[in-house]
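Worksheet: one structure, shown below.
The values are calculated or read from the model by the stated rules, or taken from the named source; none is laboratory data. Worth saying up front: this structure is predicted, and the values here are computed from it rather than measured. Note that we place each Cβ from the backbone using ideal geometry, even for glycine, and neighbour counts take in every protein chain shown. To get the accessible areas, we keep the full protein, side chains included, count just its heavy atoms, and leave off ligands, DNA and RNA. Shrake-Rupley method; radii C 1.70, N 1.55, O 1.52, S 1.80 Å.
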Amino acid sequence: MLTVLLTVAMAIGSETPGEFPTFENVSLKAGLTTKMTSGDPNKPFIPESMSGGAAFLDFDKDGWIDLYLVDGSSIEAEVKGNNTATNQLYRNNKDGTFSDVTAKAGVGDRSWGNGVCIGDVNNDGWDDIFVTNIGPNLLYLNNGDGTFTEKGTDTWATDNSWSSSCGFGDYDKDGDLDLYVSNYVKFNMHNPPVGGPMCVYRGVKVQCGPRGEPSQGDRFYENTGDGTFIEKTQEVGVEQPETYYGLGVIWADYDDDGDVDIFVANDSVPNFLFQNNGDGTFFEMGLLAGVSFNEDGREQAGMGVDFSDFDNDGDLDLAITNFSDDHNTLYMNEGQGRFIDVTYRAGLGDPSWQRLGWGVAFVDLDLDGWKDLVIVNGHVYPEVDNYEIGTAFKQPNFVFRNLGNGQFQQVTKLAGSGFSEIRNSRALLTGDVNNDGRVDLLITNLDEEPSLLLNTAKSMNNWLIVKLVGTTSNRSAIGARVVVEAGDLTQVRAVKGGGGYQSQSDFRLHFGMGQNSVVKKLSIKWPSGTTQVLENVSTGQILTIEEEKN
């Protein structure tokens, strides 16, 4: 079934050479005024530098994306048990503003929050919310009336791990969403680590960790289909050594074999790529696939992650953000389960060396059919501002334009006032908040309100937004792949679970169409294995496509 939810007519106009969309920070005008709580400004302990998760979701199913922000805490508040910071749910008012509906919705958790992921876990048609904390995590089930019910009866309710990112995906293709949660270090609020050889950066005493601190293994939860989850970390083959520090998580079918795989960006140790065997188990093949280390054979300090086809060759490539004194990494998918590090070849190496990257997203900002790259930055050590060492605590963010030849050009200075601000950023979300066809961005910032960067491009190419609804497949359609053929370009988009840093972007798939007014062919490969094809689809509209039942 094909349902047209919204059609927005857009003027067709080509971009002049060098022109690029500009972005304006409209957070305060939009009503997003709550500042993130993240410990002491001096950040003496590692939890104070790591929060900042956020998610786009359409919790009320009105066709406009809403926003969920995860808030933190402080060591003092946790010790005394009096944290007053709460997560926030903002409803999109469809007029450029948002309303805080946290209290009414019942989703204002007061734990030390880190990340969030979205998925319809009970396939009732409503987006549910999973929140990762230092301490027990939370699942909020959407009641469909503007309220949520906390479901705290599953195994995570008694798990006191420090969880970072999470992501939903249907690993066994039974039609419901399973869950992967990355865990970080073991941290004692009442006796935090102070001093030692791992608490020094460039000769300066700083917060301790993660190296030298005990870690906590990640967790895998299977959805039983009856409203409960059970932990199956060991049974499915994703158990890892207790010396790994998990951060970014993303589900996507990187090898296009019909089942979703899981990538985990690990901090200071090799990354994980869990390949789905198709029999209810995974095989860790990061080393074999070439993504555990960079091209020099070194492990990096992975933070955020995204899968997307940046070179339009039909397979999903991989971007990972890393610590300062290092570069972010771009891996090109060569097919047959192999990646190659093309960071410097693509022009992404040198610019990132002194920045510390977090959220990352491939997104077609100028609608030319080639996915650009946005990365947000910020250090973990405020002490770096006291020394001339080439880096800073608050840092500018990055915008890289995809030139369509395997290379990227940094265009941050062309991207408007929203990218001239210097903050300490963490999560990065992509989505069209005003349904005008232009991709907008949401960035969370330590100790400050978020930045809602509205795309104010005046001259635009054409576009198409596709929202998928599973029937036999999971309702959120996580794991689905869409191929669009128009003009001389063929583009691939995947509905991904998790991604970025502790975040979830809009599930709707956004295609830049250049000067093409019609999509010749649109093919959907659903997680169930069925294929659906549409022909001669007009651009300039938002489509909801429901999976055809066999």
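Do the conditions hold for Gly209, that is, is it assigned to a loop (DSSP other than H, G, I, E, B) and in contact (Cβ under 8 Å) with a residue 60 or more places away in the chain? Yes. Taking (1) closer than 30 Å to Asn42 by Cβ; (2) without any contact (Cβ under 8 Å) to a residue 60 or more places away in the chain; (3) of a type in the set (Asp, Glu) in turn, Asp488 satisfies each apart from (1). The set of residues in region 140-168 that are under 21 Å from Met189 (Cβ atoms), aliphatic (A, V, I, L, M) and in a strand (DSSP E or B) is empty. Answer with yes or no whether Thr37 is in a loop (DSSP other than H, G, I, E, B), farther than 30 Å from Asn402 by Cα, in contact with a helix residue (DSSP H, G or I) (Cβ under 8 Å, 6 or more places away or on another chain) and β-branched (Val, Ile, Thr). No. Val200 satisfies every condition listed in (1) open to solvent by 10 Å² or more (accessible area, probe 1.4 Å); (2) more than 19 Å from Val380 (Cα to Cα); (3) hydrophobic (A, V, I, L, M, F, W, C) except (2). What about Thr544, is it of a type in the set (Val, Ile, Thr) and open to solvent by 30 Å² or more (accessible area, probe 1.4 Å)? Judged against the criteria, Thr544 is not a match. Within region 169-199, being touching a strand residue (DSSP E or B) at 6+ places or on another chain (Cβ under 7 Å), in a loop (DSSP other than H, G, I, E, B) and of a type in the set (A, V, I, L, M) holds for one residue alone: Leu177. Counting only residues that are open to solvent by 10 Å² or more (accessible area, probe 1.4 Å), under 12 Å from Asp66 (Cα atoms) and assigned to a strand (DSSP E or B), region 84-139 holds 5 of them.
Each row is one residue, and each column tells you yes or no for (1) touching a strand residue (DSSP E or B) at 6+ places or on another chain (Cβ under 9 Å); (2) small (Gly, Ala, Ser); (3) open to solvent by 20 Å² or more (accessible area, probe 1.4 Å); (4) at pLDDT 95 or above.
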position: Leu5; (1), (2), (3), (4): yes, no, yes, no
position: Met10; (1), (2), (3), (4): yes, no, yes, no
position: Thr16; (1), (2), (3), (4): no, no, yes, no
position: Leu32; (1), (2), (3), (4): yes, no, no, yes
position: Lys35; (1), (2), (3), (4): yes, no, yes, yes
position: Glu48; (1), (2), (3), (4): no, no, no, yes
position: Ser51; (1), (2), (3), (4): yes, yes, no, yes
position: Leu67; (1), (2), (3), (4): yes, no, no, yes
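Just one of the listed residues (Ser476, Ser523) is part of a loop (DSSP other than H, G, I, E, B), in contact (Cβ under 8 Å) with a residue 40 or more places away in the chain and either touching a strand residue (DSSP E or B) at 6+ places or on another chain (Cβ under 8 Å) or polar (S, T, N, Q) (or both), and it is Ser476. Name the single residue, out of those in region 447-464 being part of a strand (DSSP E or B) and farther than 30 Å from Thr86 by Cβ, that is farthest from the chain's Cα centre (by Cα). The extreme case among them is Asn462.
Out of Trp370, Trp358, one residue alone is closer than 30 Å to Gln207 by Cβ and either without any contact (Cβ under 8 Å) to a residue 60 or more places away in the chain or not in a helix (DSSP H, G or I) (or both). It is Trp358. Of everything in region 230-270 that is open to solvent by 10 Å² or more (accessible area, probe 1.4 Å) and assigned to a strand (DSSP E or B), the residue that is farthest from Ser292 (Cα to Cα) is Ile230. Residues in region 373-425 that are buried (at least 18 other Cβ atoms within 10 Å of the Cβ), under 19 Å from Asp325 (Cα atoms) and polar (S, T, N, Q): 6 in all.
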